[in-house]
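Here is the structure we will look at, set down as structure tokens.
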Amino acid sequence: MPLHRQFSNDGKELIIAIKGKFDFGLVQEFRQAYSNVGDQQPTVFIDLRETEYLDSSALGMLLNMRKSLGKSVKSIHIINCRPEVRSILDISRFDKLFVIE
Amino acid sequence: MANFYEPATPSCHVTVIDDGSSIAREVIAQLYSAKHCDVATCSLAEFPNKPIRNNSIVCIVAAGDIGSDSLSRIREFIPSKTIKSIVITDNPILFERLGMLASDALLWPLASGLLQQRLLYLQQLQVAQDQIDGLRQSLAWHKARVDREHQLVEHIFQNALSRNYLEYAHVHTYLTPVSKFNGDLCLIAPGPLGNIYMLMADFTGHGLAPATGALPLSQAFFAMSDRGVSVAEMVTEFNYRMSRLLPDDMFCAAILLELSANGERVTYWNGGMPAALLFNEHGEILKRLSPAHMALGVVDDHEFDSRVATFRAPRGSSIALFTDGVTELLGHQHKFLGSEALEMLLSRYPRNEDFASLVDELERFRGETPLHDDLSLAILSCQPTGLGEVKPEPEQFGLPFIFESVLQPEHLMTIDPVAHILSALSQLPHLRRHRTTVYLFLAEAFNNALEHGLLELDSSMKQDPEGFAEYYRLRLERLHGLQQGEIRIRVHFEPSSKQLTVSVTDSGKGTADVAALAKYTEKSHGRGLELLRQMTTDLSWDAATRTVSFKYLL
């Protein structure tokens with residue numbers, strides 16, 4: 001399973017983890033993963049701990065998510081980035097749009 | 001197997017030590033006429049040099065005064081406890097002195113039938129003692145075997161847990177099993193991102209049987225920590241293993257916790273363990289990490305709930321994880337410690353350096369009372385882990401190489417060329433560390449050539465989410481209809497300059513927007529080229545050959 005989606009016990013956090021390759025191959029699956037966040041205004045965590053590869057289409061997908069979720073979520077965090085992934089996000093100035101941990 | 005306790009056979013071997021007296025003759029006559037009695041004789045002069053049957057009862061006849069030489073030989077012989085002896089004498093002094101040493105003594109004359117009765121009794125005693133000796137030997141053998149097996153198992157445990165990072169500076173532990181083998185498990189391992197994992201588990205019961213469950217659990221824990229797997233995925237795997245392995249009446253309560261590298265973000269899953277406690281440096285309990293799930297090994301995969309909980313730990317706070325052996329610690333006043341008392345102790349000794357005093361208090365409470373359950377307490381302080389990322393392998397740049405691949409429509413349609421090229425390049429140790437970046441720029445250059453050069457897609461479509469999805473739908477559609485065209489990817493590595501040179505050529509007609517390198521915008525297109533521009537050097541587009549090329553320094 002390249003994409004794993006799970007709410008926390010209390011429903012206040014949505015965790016989406018992507019394994020291996022994060023690119024346009026996941027475009028539908030990724031949209032689906034955040035399509036139903038409920039009305040609890042959860043915090044979304046994109047867990048990239050096992051993301052080895054990503055390209056600009058993944059960045060586009062993240063931006064689309066941000067656009068489409070808007071105020072229905074509290075914030076979007078990108079967590080557990082490997083150093084190389086982190087530097088790609090930094091170059092794209094994603095730190096201005098997401099909380100990167 | 002023979003029953004050791006069945007009644008002894010009445011058959012009885014007797015060796016009479018004959019002092020030549022009339023009493024001796026009488027005794028021998030009585031024994032010969034007795035049933036089930038096998039009689040041998042030995043003169044007092046020959047005794048005890050003449051060999052005596054192993055299981056024979058020695059019947060020493062000593063009438064009157066037998067002389068000091070004979071007496072001392074008898075006295076030397078009797079204490080050899082393996083042979084039962086009975087003394088028959090008409091001399092009250094001998095009766096008293098030898099009677100204390102021998103198994104039995106009779107004062108002549110004897111009541112009728114008394115001698116046979118006593119011999120039978122001695123015979124039975126002998127059999128019983130032989131049986132006890134046999135049991136003792138067999139027990140000693142079993143004990144030696146169990147000891148040996150325990151040694152082996154201990155060795156296996158030591159090896160299995162050798163990777164356990166209990167000495168990690170930000171964790172203090174107090175782990176006390178009831179027996180040699182611990183049914184509690186406290187595992188600590190660093191993850192690849194500077195994060196740290198902690199598992200506290202408690203198998204049903206204590207001793208060797210539950211401890212064996214620790215082996216597969218710890219193997220899975222260490223392997224998955226190395227990979228940096230998420231808490232939810234780890235517990236799913238643990239449950240999968242435990243539910244298949246453990247018998248129905250055995251399970252494993254567990255709390256798995258991950259602390260991020262910056263020491264702030266805590267993710268945990270608690271199945272059936274006492275609520276771990278988050279407390280600050282003033283000893284105030286901030287949070288209880290209560291169990292929300294069943295223990296591991298109780299439910300099947302499809303019923304298993306791997307949902308985790310997360311929170312942010314304030315700087316300077318700590319988390320106490322413990323098994324019920326701590327709260328159910330029986331004190332010297334026959335009272336359990338209880339969770340309130342534990343919380344009170346934590347609030348009294350909240351700081352890292354107080355841990356020894358906390359343990360002292362626990363031990364004082366317990367006094368001399370023996371433990372009735374394994375006891376495990378671990379306190380993790382929430383601060384930057386200081387573990388850092390896993391060290392990269394030593395820099396070895398090896399051989400220069402050129403890699404070139406010319407991709408025809410059939411390749412473009414059926415495989416992911418970038419992933420293939422990358423898996424080949426990743427075999428080179430020096431490139432492995434850079435695989436994410438190398439993938440990124442190869443993917444950008446390749447997708448640019450394919451999507452704009454060959455498939456003539458328009459990236460302005462990607463501006464809104466619907467168009468974005470449509471763009472990739474169209475990409476797939478046009479790719480499947482692609483009849484001609486090729487993409488040539490060339491990668492050249494020069495170890496002396498540690499430089500990768502990449503060029504990607506397409507045979508299409510579409511407009512490559514490489515020339516118009518976009519500045520950063522929040523739009524989801526044009527970002528690929530911007531990334532290329534920032535991460536590589538000498539990025540150029542040759543319109544005549546339709547080739548984009550760039551360099552990357554490792």
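Coordinate-derived values only; no laboratory data. As the structure is a computational prediction, the values presented were derived from the model and not from experiment. Counting neighbours? That spans all protein chains shown, and the Cβs are built from the backbone with ideal geometry, glycine included.
Rounded to the nearest 500, the 222 nm mean residue ellipticity of chain B from helices alone is -11000 deg cm²/dmol, with -39,500 (n - 2.57) taken per DSSP H run of at least 4 residues. Cα centroids of segment B:311-379 and segment B:431-454: 55 Å apart.
All distinct Cα pairs of the protein assembly as shown go into the 1/r average, and the inverse of that average, the Kirkwood radius, is 31.9 Å. Treating r as the C-beta distance of residue B:404 and residue A:68 and R0 as 45 Å, the FRET efficiency rounds to 0.60.
Among the trypsin sites (Lys or Arg not before Pro) found in segment B:401-500, not one is both in a DSSP coil and sparsely packed, with 12 or fewer other Cβ atoms within 10 Å of its Cβ.
Listing B:541, B:269 from fewest to most neighbouring C-beta atoms within 10 Å gives B:541, B:269. Note on the protein assembly as shown: antiparallel DSSP beta bridges, both residues inside, total approximately 70 percent of the bridges counted. The alpha carbon centroids of segment B:239-296 and segment B:116-193 are separated by 30 Å.
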